[in-house]
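To start, the structure under review is shown below, and the notes come after it.
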Amino acid sequence: MDKLTSILVVADRTDADRMLLEKAVCLARQVGAQIFLFSCDWALAKIIQHSYNTEDAERAWHISQQEHLAYLSTLRNLLRAADVQISIAAECYCPLYEGVLRKIHELRPDLVMKTPSGVHPLRRFTFGPSDWHLMRECPVTLMLVRQHRWNVPPRFAALVDVSEEVTARLAETIIHTSEHFALGCHGELDVIYCEASADERERNRRSSELDKLTHEYRITPAHVHLLSGDPDATLPGFAAHARYDALVLGGLTHRKGVSALVGGLTARLVEGLDSDFILVKRDVRGLTRSAAFPAASATLPL
């Protein structure tokens, strides 16, 4: 993510929307971004798909759209964020993730923010099918927001992999984006890499790669963590103990299908931790470091 001038906030008409928009407003206020507050009635769209009466379908959508816009307007007014530009829009499309993707292609935001939409008997918020599809297909940085306030200052962790050339490039993108968030929010940033290989030469080589990368971004050794062991077993426990406010990781998978995410490390982290998650998609070639987040005067009060 090389800039942050616009944020698409996907509301789902639940109590979670208040915290979602609060975080978006605070972030937008720090960096001077505008917000597009969006609601998609996928349930009605599913019904309309099987409707034989076009007039009834159009009437139902018109009523639903007015209800959604009224809700978004009320939500916007509750925050009293006169210093942040917030536009509202509502559409009717099924499935939900395709409706969100259509809006992304229309508006071309720099960041998409959304709360989990799944249902789990033991958790209030978990991830549904639309969330997993967006994790894979969203073309811009995606932030999945939990219902907790951030510490002051907020603590970010960049989860990177420097074991291969392709993942090393992604690691640079993750750190670049993480730095933007940390600087913009006046927060702290840790960088974490987990080495699974027991080979000492491999470990030393990758440690050197990690040192080189973090040195480029002026991240001090105290904030760089080189872990040992299987990432699936090691990373979730380490992140849970550190109690980060947000984890920044790559949205890249080399396998096709949602099952590649559901069965992988990403699933273990997002379903097992109470942090916000920022999934990075874009490359950072040719970017100017920290250009997206000019200096701000206040700490993010989340």
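The values are calculated or read from the model by the stated rules, or taken from the named source; none is laboratory data. What you see is a predicted model; the values in this text were computed from it and never measured. FYI the Cβ positions are ideal-geometry reconstructions off the backbone, even for glycines, and counts take in every protein chain you see.
Do we find a residue being touching a Ser or Thr at 6+ places or on another chain (Cβ under 9 Å), of a type in the set (Gly, Ala, Ser) and not assigned by TED's automatic domain parsing to the domain that holds Ala24 anywhere in the range 214-222?
Within the range 214-222 (the criterion being touching a Ser or Thr at 6+ places or on another chain (Cβ under 9 Å), of a type in the set (Gly, Ala, Ser) and not assigned by TED's automatic domain parsing to the domain that holds Ala24), the answer is no, since none of the residues qualifies.
Looking only at the range 152-172, which residues are at pLDDT 90 or above and of a type outside the set (A, V, I, L, M)?
Those that are at pLDDT 90 or above and of a type outside the set (A, V, I, L, M): Pro153, Pro154, Arg155, Phe156, Glu172.
Run down Leu8, Leu44, Leu4, Leu27 and say which single residue is in contact with an Asp or Glu (Cβ under 6 Å, 6 or more places away or on another chain), within 25 Å of Ser130 (Cα to Cα) and either modelled with pLDDT under 95 or buried (at least 22 other Cβ atoms within 10 Å of the Cβ) (or both).
Criteria check complete, one pass: Leu4.
I need the strands (runs of 3 or more DSSP E) fully contained in the range 1-105, keeping only those with at least 1 residues that are touching a residue at least 40 places away in the same chain (Cβ under 8 Å), under 22 Å from Leu142 (Cβ atoms) and within 16 Å of the chain's Cα centre (by Cα).
Hits in the range 1-105: 6-11, 34-40.
Yes or no, residue by residue, for (1) surrounded by fewer than 18 Cβ atoms within 10 Å (Cβ to Cβ); (2) over 28 Å from Val191 (Cα atoms):
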position	(1), (2)
Thr74	yes, yes
Gln85	yes, yes
Cys92	no, yes
Leu96	no, yes
Gly99	no, yes
Arg136	no, no
Leu144	no, no
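Tally time: how many residues in the range 212-248 are at negative phi, among the charged types (D, E, K, R) and surrounded by fewer than 15 Cβ atoms within 10 Å (Cβ to Cβ)? Before the answer, list the steps.
So the first thing to find is which residues in the range 212-248 are at negative phi, and the list is 212-217, 219-228, 230-242, 244-248.
Checking the rest, the ones that are also among the charged types (D, E, K, R) come to 212, 216, 230, 232, 245.
Still in the running and surrounded by fewer than 15 Cβ atoms within 10 Å (Cβ to Cβ): 212, 216, 230, 232.
Adding up the residues that qualify gives 4.
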